[in-house]
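No value in this document is a laboratory result; all are computed from the given coordinates. Being a predicted model, the structure only gives us computed values, none of them experimental. Quick reminder, even Gly has a Cβ in these numbers, built from the backbone with ideal geometry, and neighbours come from all protein chains shown.
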Amino acid sequence: MLKTFTKGGVHPAENKLSVNQKIIDLDLPASVSIPISMHLGVPSKPLVEKGSEVKVGQLIAAGAGFVSANIHSPFSGKILKLDKSLDTSGYKRDSIFIDIEGDTWLPEIDRSSDIKKEFSYSAEEIIQKIKDAGIVGLGGATFPSHVKLSIPRGRKAEYLIINGVECEPYLTADHVLMLEKSEELLIGTSLLMKGLKVDKAVIGIENNKPDAIEKLQKIALNYKGISVQALKVKYPQGGEKQLIKSILNREVPSGGLPVDIGAVVFNVGTAFAVYEAIQKNKPLIERIVTVTGKKLKKPSNFRVRIGTPIKMLIEAAGGLPDDTGKVINGGPMMGKALPDTSIPVVKGSSGILLIPAEESKRKKVEPCIRCSKCVSVCPLGLEPYLLMALSQKSLFERLEAERVMDCIECGSCSYICPSGRPLLDYIRLGKSEVGKIIRSRKK
Amino acid sequence: MNSTVLYTILSLSGLGASSAIILYFVAQKFKVIEDPRIDDVEEKLPAANCGGCGFAGCRNFAEACVKSDDFEGLYCPVGGNETMAAVAKILGREAVEQDPRIAVLRCNGDCDVRPKINNYDGTLSCAVASALYGGDTGCQYGCLGFGDCVEVCNFDALSMDPVSGLPVVNDMNCTACGACVKACPKDLFELRKRAKKDRKIYVACRNEDKGGIAKKSCAVACIGCSKCFKVCPYEAITMANNLAFIDSDKCKLCRKCVPECPTNSILEIGFPPRKEKEELAAKDESTSVIDKVIDPEKQDIQNTKEE
């Protein structure tokens with residue numbers, strides 16, 4: 001029997017419409033805005049001024065503090081202004097506006113498609129290069145990768161886990177990446193292994209991607225210490241804690257980090273970005289984005305430069321269908337509806353999902369019928385109905401005692417609730433309040 | 001008498017008596033000595049348990065009052081100066097006085113002036129909506145209109161206006177407990193000094209966008225033009241982040257700033273109607289000159305006198 005995690009989980013309709021689409025490069029826009037906080041942590045500090053010329057790959061904003069990331073210009077041209085613009089957070093935040101002229105890259109970036117296998121860097125050099133390239137977790141959480149690679153004192157990583165699960169319905173960006181960039185992905189994995197000083201790596205892939213499993217298994221034979229593990233299809237297996245449980249059968253303690261039990265998890269997209277950053281000198285300026293939807297003409301997988309407006313992606317995939325109800329950044333389970341299609345693609349955008357109007361409406365909220373479905377699907381073993389009630393009543397101390405901070409916001413509870421209750425909305429709210437309380441306690 | 005009944009009565013009485021003796025000694029041993037003044041102080045407090053003073057309830061506040069030497073940082077906004085004087089009398093200390101305050105909503109963007117740019121179908125709660133995005137209009141600073149403030153108000157001082165979609169403060173009921181200030185995720189409520197006849201002048205806007213962008217998203221947004229700042233004779237107005245703010249402690253309610261505002265984002269509430277400008281212009285030059293000169297001045301003097 002295939003491995004999977006034990007607690008909870010759901011299996012929504014997969015709808016992987018863009019699965020057989022090759023990665024297509026997208027045309028360049030005329031002008032863009034690059035948000036300076038595309039990652040988890042402190043917003044970066046802009047290094048350019050109005051009117052300065054930039055080339056592709058040039059550092060335009062430097063990470064401010066340890067948990068922060070560099071941002072490089074994905075385009076060449078002139079800096080139009082530094083101003084606020086709407087981004088995927090739904091708020092206007094500080095951004096760098098670039099007027100695009102031509103496509104001049106920095107000369108040190110290797111743009112050829114040759115695969116470069118050999119490397120002789122030390123672990124520190126690898127971490128430094130990853131930090132310089134502004135790489136963040138591309139699975140969606142956008143946690144700066146160099147922070148994850150810097151193992152806290154007294155702990156030791158044993159396993160590197162590469163997350164190729166892609167458990168969100170509709171999304172196929174990681175799947176096509178695994179198929180088309182298999183070799184690069186494995187080199188990236190070897191680089192991460194060196195950086196972490198581990199000799200074992202496991203690539204976890206759900207069983208609905210048999211072609212990717214087969215291809216990577218074949219190539220992995222040439223790489224020492226890397227194995228591929230097929231997993232049973234279950235959402236949210238792509239969650240860090242769930243994936244570790246599935247592959248290693250170890251449980252991350254409440255409030256702990258994966259490295260506490262000797263595992264570090266990176267997304268396949270991140271591993272590929274690491275390959276490009278180290279072997280090709282190419283900072284994180286583009287990513288693979290799935291554009292999909294049931295009514296969309298050509299669901300596709302694009303390689304997009306960060307900052308490209310989302311409407312360009314939708315145009316390239318056949319234009320916005322008339323009866324679109326919501327445009328979602330991310331997948332249907334964890335993604336968030338966008339208020340505008342001029343919002344740019346950011347480092348964490350894995351997909352753009354267009355939901356038809358009839359499917360986009362939320363269910364009417366009915367009273368809780370105590371069916372406890374939310375409890376049985378919660379992959380963390382929490383009690384979502386209780387957390388929602390406590391959050392509504394602002395009982396934050398009890399909320400903390402009920403381990404609300406363990407919630408990974410996978411949305412399984414809201415998905416399964418027969419009464420259409422907005423469980424996750426309130427849990428997320430409670431989580432942010434409890435987070436504030438915990439932070440103020442530390443001060 | 002049946003011996004069973006007798007024994008039952010005896011044994012139960014014995015048990016009762018011995019328990020009473022034990023309990024008496026235990027009560028002596030673990031006696032909590034509480035300052036009787038706490039009860040006296042609590043009696044004088046409004047018993048609303050609203051948390052406006054910053055304590056969990058009136059009892060906590062009473063304890064803090066008894067402990068404190070000089071009432072520093074202690075004030076019951078609901079009871080006001082009267083209550084504080086009564087509390088001070090019990091404790092034999094100098095009472096602290098504060099100007100009575102009132103909550104005002106610093107957003108005037110109703111449905112007519114602030115067009116919607118998207119439809120929200122999520123949970124009808126300001127806190128949830130603001131965690132998701134900036135709001136269903138172009139202004140990410142303005143009122144979301146789901147009434148989290150109305151929900152938390154213990155004094156029935158807030159209600160949603162169904163026409164404008166904005167909450168309305170009932171001046172009579174507002175006790176300045178500050179519950180709405182805490183509840184509003186957009187920080188739209190401000191506790192301002194209560195003036196005579198509940199007159200108010202304030203900038204009803206929190207939009208920090210640049211003028212053009214702000215105006216585009218809301219017709220009554222403050223565009224940060226600084227006209228009011230320049231005209232204010234009392235230095236009550238400060239400009240920050242493309243936004244004007246009138247300090248209610250410095251404002252003398254002269255109303256000079258109100259007509260200066262090109263977007264009508266400064267509200268004047270509770271004043272008698274102004275003389276129309278056209279009316280004045282239509283009057284004969286010889287007679288109206290005096291009026292013109294005096295009118296704003298007169299108003300000014302009147303208001304300062306009232307203060």
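In terms of modelled amide H atoms, which long-range or inter-chain residues lie less than 5 Å from the amide H of A:V56?
For A:V56, the qualifying residues are A:S76, A:T104, A:W105, A:L106.
Expressed as an acute angle from 0 to 90° and rounded to the nearest 10, what is the orientation of the C-alpha long axis of helix B:80-91 relative to the principal long axis of chain B?
The angle comes out at about 30 degrees.
For the peptides A:431-440, B:52-61, A:237-246, what is the packing order when you average, over each peptide's residues, the other Cβ atoms within 10 Å and list the highest mean first?
Highest-to-lowest ranking by the protection proxy: A:237-246, B:52-61, A:431-440.
I want the local charge near A:D94. Using Cβ-Cβ distances under 15 Å, sum +1 for each Lys or Arg and -1 for each Asp or Glu among the other residues.
+2
How many Cβ atoms of partner chains, on average, are near each residue of B:116-127 if near means within 10 Å of its Cβ?
Whole-number average of other-chain Cβ neighbours for B:116-127 is 4.
Ordered by residue, what ³J(HN,Hα) values in Hz, to whole numbers, does segment A:246-256 give under the Karplus form 6.51 cos²θ - 1.76 cosθ + 1.60, where θ = phi - 60° and Gly and Pro are x?
5, 7, 9, 6, 10, 10, 6, x, 4, x, x
With charges set only on the Cβ (+1 for Lys and Arg, -1 for Asp and Glu), what does the dipole of the protein assembly as shown come to about its Cα centre, in debye to the nearest 20?
1800
Taking R0 as 35 Å, what FRET efficiency do you get between A:S31 and A:K436 from their Cβ-Cβ distance, rounded to the nearest 0.05? Before the final figure, lay out each step's value.
Details: r = 37 Å, r/R0 = 1.06.
The pair A:S31/A:K436 has a calculated efficiency of 0.40.
Going by C-beta contacts inside 10 Å, put A:M334, B:M172, A:M178, B:M160 in order with the fewest on the left.
Listing A:M334, B:M172, A:M178, B:M160 from fewest to most nearby Cβ atoms yields B:M172, B:M160, A:M334, A:M178.
Once you keep just the Cα pairs under 8 angstrom separated by 6 or more residues, what percentage relative contact order results for chain B?
Numbers: 468 pairs, mean separation 41.1, N = 307.
It rounds to 13 percent for chain B.
Can you tell me which aspartates and glutamates have their Cα less than 17 Å from the Cα of B:K186? Leave out same-chain residues fewer than eight positions away.
A:E433, B:D110, B:D136, B:D148, B:E151, B:E208, B:D209
Would you kindly work out the equivalent ellipsoid of chain B from its C-alpha gyration tensor and give its semi-axes, the square roots of five times the eigenvalues, largest first in whole Å?
55, 27, 16
For a test of the definition: using alpha carbon positions, the gyration tensor, and the 1.5 limit on a/c, classify segment A:373-442 as rounded, prolate or oblate.
Taking the square roots of the gyration eigenvalues as a ≥ b ≥ c, segment A:373-442 is prolate.
Pull up the DSSP beta bridges for the protein assembly as shown and report the antiparallel fraction as a percent, rounded to 5.
Of the beta bridges lying entirely in the protein assembly as shown, close to 70 percent run antiparallel.
Give me the aspartates and glutamates in straight-line cross-link reach of A:K197: C-alpha distance below 14 Å, same-chain residues under 8 apart excluded.
By straight Cα distance, A:K197 reaches A:E124, A:E125, A:E158.
Can you compute the FRET efficiency between A:E383 and A:A13 using 1/(1 + (r/R0)^6), with r the Cβ-Cβ distance and R0 = 22 Å? Round to the nearest 0.05.
Working: r = 26 Å, r/R0 = 1.20.
That gives a FRET efficiency of 0.25.
Tell me, for chain A, which Cys residues have no other cysteine's C-beta sitting closer than 4.7 Å.
A:C167, A:C368, A:C371, A:C378, A:C407, A:C410, A:C417
Give the order of A:S190, A:S31 when sorted by the count of other beta carbons within 10 angstrom, beginning with the fewest.
Listing A:S190, A:S31 from fewest to most nearby Cβ atoms yields A:S31, A:S190.
Could you check the simple spin-label distance between A:E251 and B:D112, using points 7 Å along Cα→Cβ, in nm with one decimal?
It is 6.1 nm.
Below 28 Å, Cα to Cα, which lysines can B:K29 reach? Residues fewer than 8 away in the same chain don't count.
Straight-distance partners of B:K29: B:K67.
Compute the acute angle (0 to 90°) between the alpha-carbon long axis of helix B:3-29 and the principal axis of greatest extent of the alpha-carbon atoms of chain B; round to the nearest 10°.
Here the helix axis deviates by roughly 50 degrees.
Within 10 Å of each Cβ in peptide A:387-394, how many partner chain Cβ atoms are there on average? Round it to a whole number, please.
Mean number of neighbouring Cβ atoms from other chains: 1.
Among the listed pairs A:K55/A:K81; A:K156/A:K194; A:K156/A:K347; A:K295/A:K326; A:K45/A:K148; A:K22/A:K326, which are separated by more than 23 Å between their Cα atoms?
Values: A:K55/A:K81 16 Å; A:K156/A:K194 13 Å; A:K156/A:K347 29 Å; A:K295/A:K326 12 Å; A:K45/A:K148 21 Å; A:K22/A:K326 25 Å.
Where the Cα-Cα span goes over 23 Å, the pairs concerned are A:K156/A:K347; A:K22/A:K326.
Debye sum, Cα scatterers, segment A:123-279, no solvent: what log₁₀ I/I(0) at q = 0.09, 0.20, 0.21 1/Å?
-0.24, -1.34, -1.49
With 10 angstrom as the radius, rank A:D211, B:D249 by how many other C-beta atoms surround their C-beta, starting from the fewest.
By the 10 Å Cβ count, ascending: B:D249, A:D211.
Give the separation of the Cα centroids, segment A:415-432 to segment A:155-180, in Å.
Between the Cα centres of segment A:415-432 and segment A:155-180 lies a distance of 27 Å.
Give me the one-decimal nm value for the distance between modelled label points at A:E359 and A:T6, 7 Å along each residue's Cα-to-Cβ direction.
3.5
By the gyration tensor of its Cα atoms, with a ≥ b ≥ c the square roots of the eigenvalues, what is the shape of segment B:36-91: rounded for a/c under 1.5, prolate for a/b over b/c, or oblate?
rounded
Hey, what number do you get for chain B at 222 nm if only DSSP H runs of n ≥ 4 count, each worth -39500 (n - 2.57), divided across all residues, to the nearest 500? Mind showing how you got there, number by number?
Details: 12 runs with 119 residues, N = 307.
Using -39500 (n - 2.57) per qualifying helix, the result is -11500 deg cm²/dmol.
So if I average 1/r over every pair of distinct C-alpha atoms in the protein assembly as shown and take the inverse, what Kirkwood radius in Å does that give?
After inverting the pairwise mean of 1/r, the radius is 30.2 Å.
Give the long-range amide H neighbours of A:E286: residues separated by 5 or more places, or on another chain, with amide H under 5 Å away, using H modelled in the peptide plane at 1.01 Å from N.
The answer is A:I306.
If you find the alpha carbon centre of segment B:212-279 and of segment A:1-63, how far apart are they in angstrom?
So the separation of the two Cα centres works out to 43 Å.
Can you work out the Karplus-derived ³J(HN,Hα) for every residue in segment B:236-243? Use 6.51 cos²θ - 1.76 cosθ + 1.60 with θ = phi - 60°, whole Hz, and x for glycine or proline.
Once θ is set to phi - 60°, the couplings for segment B:236-243 become 8, 9, 10, 10, 8, 6, 6, 9 Hz.
Roughly how crowded by other chains is peptide B:132-143, in terms of the mean Cβ count from those chains within 10 Å of each of its Cβ atoms?
4
Residue-wise, which Karplus ³J(HN,Hα) couplings in Hz belong to segment A:171-185, taking 6.51 cos²θ - 1.76 cosθ + 1.60, θ = phi - 60°, and x for glycine or proline?
Each residue's phi maps through the Karplus curve to give 6, 9, 4, 5, 4, 5, 4, 5, 6, 8, 10, 4, 4, 4, 4 Hz.
Would you please give the residues with an amide H less than 5 Å from that of A:K84, counting only those at least 5 places away or on a separate chain, with H modeled from the backbone geometry?
A:S95
For chain A, calculate the relative contact order in percent as a whole number, restricting contacts to Cα pairs under 8 Å that are 6 or more residues apart.
Here the relative contact order equals 19 percent.
Could you tell me the largest-minus-smallest coordinate of the C-alpha atoms of chain A on each of the three principal axes, in descending order and whole angstroms?
63, 50, 49
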